[in-house]
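Novice: This structure is in structure tokens; I'll ask about it shortly.
The values are calculated or read from the model by the stated rules, or taken from the named source; none is laboratory data. These figures come from a predicted structure and were not determined experimentally. Here Cβ is always computed from backbone atoms with ideal geometry, including for glycine, and neighbour counts include all displayed protein chains. The protein model used for the area step is the full one, side chains on, heavy atoms only, and it has no ligands, DNA or RNA in it. Shrake-Rupley method; radii C 1.70, N 1.55, O 1.52, S 1.80 Å.
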Amino acid sequence: MSKTLFDKVWDSHVVRKIEGGPDIFFIDRHFIHEVTSPVAFLGLKSRGLKVLYPERTFATADHNTPTINQHLPVEDPLSANQLKALEDNSNEYGISHWGLGHQKNGIVHVVGPENGITFPGATIVCGDSHTSTHGAFGAIAFGIGTSEVEMVLSTQCIMQPKPKKMRININGQLGKGVTPKDVALYIISKLTTSGATGYFVEYAGDVFENMTMEGRMTVCNLSIEMGARGGMIAPDETTFAYLKDKPLSLKGEAWDTAVAHWKTLKTDADAKFDKELTFSASDIEPMITYGTNPGMGMGISKNIPNAEAVEGGVATYKKSLDYMGYHENDQMIGKKVDYVFLGSCTNGRIEDFRAFASIVKGRKKADNVTAWLVPGSHEVEALIKEEGILDIINEAGFVLRQPGCSACLAMNDDKVPAGKYAVSTSNRNFEGRQGPGSRTLLASPLVAAAAAVTGVVTDPRTLL
Amino acid sequence: MAYDKFNILTSTAVPLPLENVDTDQIIPARFLKATKREGFGDNLFRDWRYNNDNSPKESFVLNNPIYSGKILVGGKNFGSGSSREHAAWAVYDYGFRCVVSSFFADIFRNNCLNVGVLPVQVSAEFSEQIFNAIYDDPNTEIEVNLPNQTITLLSTGAQESFEINSYKKDNMLNGFDDIDYLQSMKSEIESFANGLLL
């Protein structure tokens, strides 16, 4: 029978199907971090269970870590306690741990791929919804709850009903200044935040085929924001070239055998999807969000829609605009910006810093803007220095911070104050996401850079 | 985790008719720093429920004494966003045993089932009826019958059935969780793992 890419990977990981229930689903790679794992280890201990395959789990500290002075003890006692718990649990159960200060430390969805832990055809989970990032490699990757973290630790399996399948096709040439982030925000604006709930998405078409691995990661990362459990892209030469010679990638003959298998991981020509959508690349412009969920986005040159023009309840929509301090029909260009955040598992990789630098080069940071530039990992940080990007951003009046999730979810001190506007390259613009009362405009690194040097929402195409 | 068995729940309900209630609203990230599972109910809907000076916001439904009960009725796309199970823990810890919505986000629904909160998905029309019934009479009772998979507005007798897979249903009726089941499968899992390349 014809199969989709998703079917091929899913079906090969089902240990057993339960009649009228979920599949017992085997997990190849498991990432853990300090926030969603401590209670799972408590559960293990209270049941007297061991970690079945510690070599399949990888720990990194990222969610609550400070992004300055990482060599000093973490000041917040609660955060320090979680970091200590991650370290102690990893040591006790023999799990590889890249804690604060470790040269491989960084955001879980950045360090996994850059070290070759992620691979095509793998099943990957983490107690973090943006685990969907790893789908860029043709893996089935998705976020799980802490109860499931405990299941994976103790049995390397979770119990999941197989989701439905959706394919999103985009062909054509992306316009100037249009990045993978814009492609993703465009799709979400069309589907809404619940449009893909219950589905696993495959992205297909030459727009995705022509993307770099980092671009594909940005797109797959945001799959959860349209409600999908995850998204994936068929592995190809771009994928193999990225993974070859990564520290934990297979080597020699084992590599060749794996690549031969990975080449079979594509959707058969006559395979069926439960839902199929097609968009055109030429319709996509640099995007920005104006509301309090990632579906409330539009082309940067457009005006905020009327409540009646938007799917969903008018009361919810108006509450959202009230929170943002915006009105129907407002133009976004020229809106005041107080903060700019470049970073996160969505846009905290070297290509994102290159894009940011391409605009700020030879310009100056606007005086009214506080900017937080946070690399996704120490490796990204090292490349920023090596490629001369640090000099460019310093020259323009910006400073580089140290790696972590930072202001994306503001668990550390990187909090946007109440009422302030932040143009952020992260993934969620929910109320208070970047600090109580904060107001977030999601956008690409180019849009963030344009805002950072002009102090207002600015179309990056005018600066390229 | 261990949780109370769920059979038939008859209770008044708390209405929250907003759409896209995300898990950052249910439990903001800054309250995720505990290393234990208990106590999250205090911060359920923290920023909607309290002012910056920690005084209660009177306009928020959890601060309105006329609404109470073990059932939370939310708007469409309830629980979107982050995978934090802390959101489901907060709902449970506060005292809710059931969340009703016309549409649930995937991970939140899954998390609820794993921690003893029953997610009941109803039609948009029935959801509307429930909200109206609660607003007409905050003391109106709702019966959620897991064995029969029905939800009933006791004041009018209006009823709808809801879906739950038979495996999860058995778990909730008995207070079991997936780990108990998976432990019993261990040798099968190990032989599966032995056949894998990577």
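Novice: For the stretch A:1-67 and the stretch A:120-142, what is the separation of their C-alpha centers, rounded to whole Å?
Specialist: Using only Cα atoms to place each centre, the spacing works out to 11 Å.
Novice: Only counting protein heavy atoms at a 1.4 Å probe, give the residues of the stretch A:398-419, ordered by number, whose accessible area falls by 40 Å² or more when the other protein chains are present relative to the chain alone.
Specialist: A:Met411
Novice: Step through the residues of the stretch B:17-26 one at a time and calculate ³J(HN,Hα) from phi using the Karplus curve (6.51 cos²θ - 1.76 cosθ + 1.60, θ = phi - 60°), rounding each to whole Hz and writing x for Gly and Pro.
Specialist: For the stretch B:17-26, the Karplus-derived couplings read x, 9, 8, 6, 5, 8, 6, 5, 7, 4 Hz, x marking Gly and Pro.
Novice: Helix-derived [θ] at 222 nm for chain B: sum -39500 (n - 2.57) over DSSP H runs of at least 4, divide by residue count, nearest 500?
Specialist: Computed ellipticity for chain B at 222 nm equals -8500 deg cm²/dmol.
Novice: Next up: Rounded to the nearest 100 Å², what's the accessible area chains A and B bury against each other, both chains counted, probe 1.4 Å?
Specialist: Heavy-atom accessible area buried at this interface is about 5300 Å².
Novice: Counting pairs of alpha carbon atoms under 8 Å apart in space and at least six apart in sequence, what relative contact order in percent does chain A give?
Specialist: Dividing the mean separation by the residue count of chain A yields 17 percent.
Novice: With a 1.4 Å probe and all protein chains left in place, how much accessible area per residue does the protein assembly as shown have, in Å²? Write out the running numbers ahead of the final one.
Specialist: On the way: 23130 Å² over 662 residues.
Here the residues of the protein assembly as shown average 35 Å² of exposed surface.
Novice: Using a 1.4 Å probe on the protein heavy atoms only, what accessible surface does A:Arg401 show? Give it in Å² to the nearest 10.
Specialist: Roll a 1.4 Å probe over it and A:Arg401 shows about 40 Å².
Novice: Does the stretch A:251-367 come out rounded, prolate or oblate by the C-alpha gyration tensor, with a ≥ b ≥ c the root eigenvalues, rounded set by a/c under 1.5 and, if not, prolate when a/b is larger than b/c and oblate if not? Could the numbers behind the result be given before it?
Specialist: Working: a/c = 2.85, a/b = 1.45, b/c = 1.97.
Oblate, because a/c is 1.5 or more while a/b does not exceed b/c.
Novice: Near the amide H of B:Val120, under 5 Å away, which other amide H atoms are found, from residues 5 or more places off or on another chain, if H is placed in the peptide plane?
Specialist: The list, which skips near neighbours in sequence, is B:Val99, B:Val100, B:Ser101.
Novice: Another question, if that's okay. Need the C-alpha centroid separation for the stretch A:393-464 versus the stretch A:258-303, integer Å.
Specialist: 24
Novice: Then there is this: Amide H to amide H, which residues 5 or more places from B:Ala13 or on other chains are under 5 Å from it, using H placed in the peptide plane?
Specialist: Residues meeting the amide H criterion: B:Ser68.
Novice: Which net charge results for the neighbourhood of A:Ser147, defined as the other residues with beta-carbon distances under 11 angstrom from its beta-carbon, given Lys and Arg at +1 and Asp and Glu at -1?
Specialist: On the way: positive: B:Arg37; negative: A:Glu148, A:Glu150, B:Glu85, B:Asp177, B:Asp178.
Here the charged neighbours net out to -4.
Novice: Same structure again: Where Lys and Arg each count +1 and Asp and Glu each count -1, what net charge lies around A:Phe430 among other residues with Cβ under 9 Å from its Cβ?
Specialist: -1
Novice: For A:Thr454, A:Thr462, write out the residues from largest to smallest accessible area, computed with a 1.4 angstrom probe and no ligands counted.
Specialist: In descending accessible area the options line up as A:Thr462, A:Thr454.
Novice: In the protein assembly as shown, what % of DSSP beta bridges are antiparallel (nearest 5)?
Specialist: Bridges in the protein assembly as shown that DSSP calls antiparallel: roughly 30 percent.
Novice: Here's something else I'd like to know. Restricting to DSSP loop positions (anything but H, G, I, E, B) with no more than 14 other Cβ atoms inside 10 Å of their own Cβ, which trypsin sites (Lys or Arg not before Pro) remain in the stretch A:93-190?
Specialist: The qualifying sites are A:Lys176.
Novice: With the solvent-accessible surface defined on protein heavy atoms using a 1.4 Å probe, which residues belonging to the stretch A:131-150 display a reduction of at least 50 Å² in accessible area in the multichain context relative to the isolated chain?
Specialist: A:Ser147
Novice: In the protein assembly as shown, with Lys and Arg counted as +1 and Asp and Glu as -1 at Cβ, which of these residues, A:Pro460, A:Gly404, B:Ile164, has the Cα nearest the positive end of the dipole, that is, farthest along it?
Specialist: My answer, from the dipole projection, is A:Pro460.
Novice: Compute the Cα gyration tensor for the stretch A:332-464, then decide on rounded, prolate or oblate, letting a ≥ b ≥ c be the square roots of its eigenvalues: rounded whenever a/c is under 1.5, prolate when a/b is larger than b/c in the other cases, and oblate in all that remain. If you can, show how the numbers build up before the last one.
Specialist: Working: a/c = 1.78, a/b = 1.15, b/c = 1.54.
Oblate is the answer for the stretch A:332-464, as a/c is 1.5 or above yet b/c matches or exceeds a/b.
Novice: Can you list the residues, at least 5 places off or on another chain, whose amide H is less than 5 Å from the amide H of A:Asp62, using H built in the peptide plane?
Specialist: Those qualifying (amide H under 5 Å, at least 5 residues apart or on another chain) are A:Glu34.
Novice: Sticking with this structure for a sec: Would you be so kind as to identify which of A:Gly21, A:Ala451, A:His109 lies farthest towards the positive end of the dipole of the protein assembly as shown, taking Lys and Arg as +1 and Asp and Glu as -1 on Cβ and the Cα centre as origin?
Specialist: Final value for the positive-end residue is A:Ala451.
Novice: If you don't mind, another one. Enumerate the calculated ³J(HN,Hα) couplings along the stretch A:17-25 in order (Karplus 6.51 cos²θ - 1.76 cosθ + 1.60, θ = phi - 60°), each rounded to whole Hz, writing x wherever the residue is Gly or Pro.
Specialist: Per residue, the Karplus-derived 3J(HN,Hα) values read 9, 9, 4, x, x, x, 8, 7, 10 Hz.
Novice: Given contacts defined as C-alpha pairs under 8 Å and at least six residues apart, what's the relative contact order of the stretch A:66-124, whole-number percent?
Specialist: Reported as a whole number, the value is 19 percent.
Novice: So, one more: Using the Karplus curve 6.51 cos²θ - 1.76 cosθ + 1.60 with θ = phi - 60°, what ³J(HN,Hα) values do you get for each residue of the stretch A:101-114, in whole Hz, with x for Gly and Pro?
Specialist: Ordered by residue, 3J(HN,Hα) equals x, 5, 5, 9, 5, x, 5, 3, 7, 9, 6, x, x, 5 Hz.
Novice: Could you give the dipole magnitude of the protein assembly as shown about its Cα centre, charging the beta-carbon of Lys and Arg +1 and that of Asp and Glu -1, in debye to the nearest 20?
Specialist: 580
Novice: Still on this structure: Nearest 10 degrees, 0 to 90: what angle lies between the long axis of helix B:106-115 and the longest principal axis of chain B (Cα atoms)?
Specialist: Helix B:106-115 sits roughly 80 degrees off the main axis of chain B.
Novice: Dipole size in debye (nearest 20) for chain B around its Cα centre, Lys and Arg Cβ +1, Asp and Glu Cβ -1?
Specialist: Using only the charged Cβ atoms, the result is roughly 460 debye.
Novice: For the stretch B:157-198, which whole-number percentage of the solvent-accessible area (1.4 Å probe, protein heavy atoms only) is attributable to carbon and sulfur atoms? Let's see the in-between values first.
Specialist: Details: 1050 of 2190 Å².
Accessible surface attributable to carbon and sulfur in the stretch B:157-198 totals 48 percent.
Novice: Something else now. Of all accessible surface on the stretch A:282-330 at a 1.4 Å probe, what whole percent is carbon and sulfur?
Specialist: On the way: 970 of 2010 Å².
Percent of accessible area from carbon and sulfur atoms in the stretch A:282-330: 48.
Novice: If you don't mind, another one. Defining a contact as two alpha carbons under 8 Å apart and six or more residues distant in sequence, what relative contact order in percent does the stretch B:14-60 show?
Specialist: 31
Novice: Could you compute the net charge surrounding A:Val178? Neighbours are other residues with a C-beta less than 12 Å from the C-beta of A:Val178; K and R count +1, D and E count -1.
Specialist: With Lys, Arg at +1 and Asp, Glu at -1, the net is -1.
Novice: Placing +1 on the Cβ of each Lys and Arg and -1 on the Cβ of each Asp and Glu in the protein assembly as shown, which of A:Leu243, B:Ser191, A:Tyr323 has its Cα farthest towards the positive end of the resulting dipole?
Specialist: A:Leu243
Novice: Another one. State which entries of B:Lys36/B:Lys168; A:Lys165/A:Lys335; A:Lys263/A:Lys302; B:Lys36/B:Lys70; A:Lys17/A:Lys275 exceed 30 angstrom in Cα-Cα distance in the structure shown.
Specialist: Beyond 30 Å: A:Lys165/A:Lys335; A:Lys263/A:Lys302.
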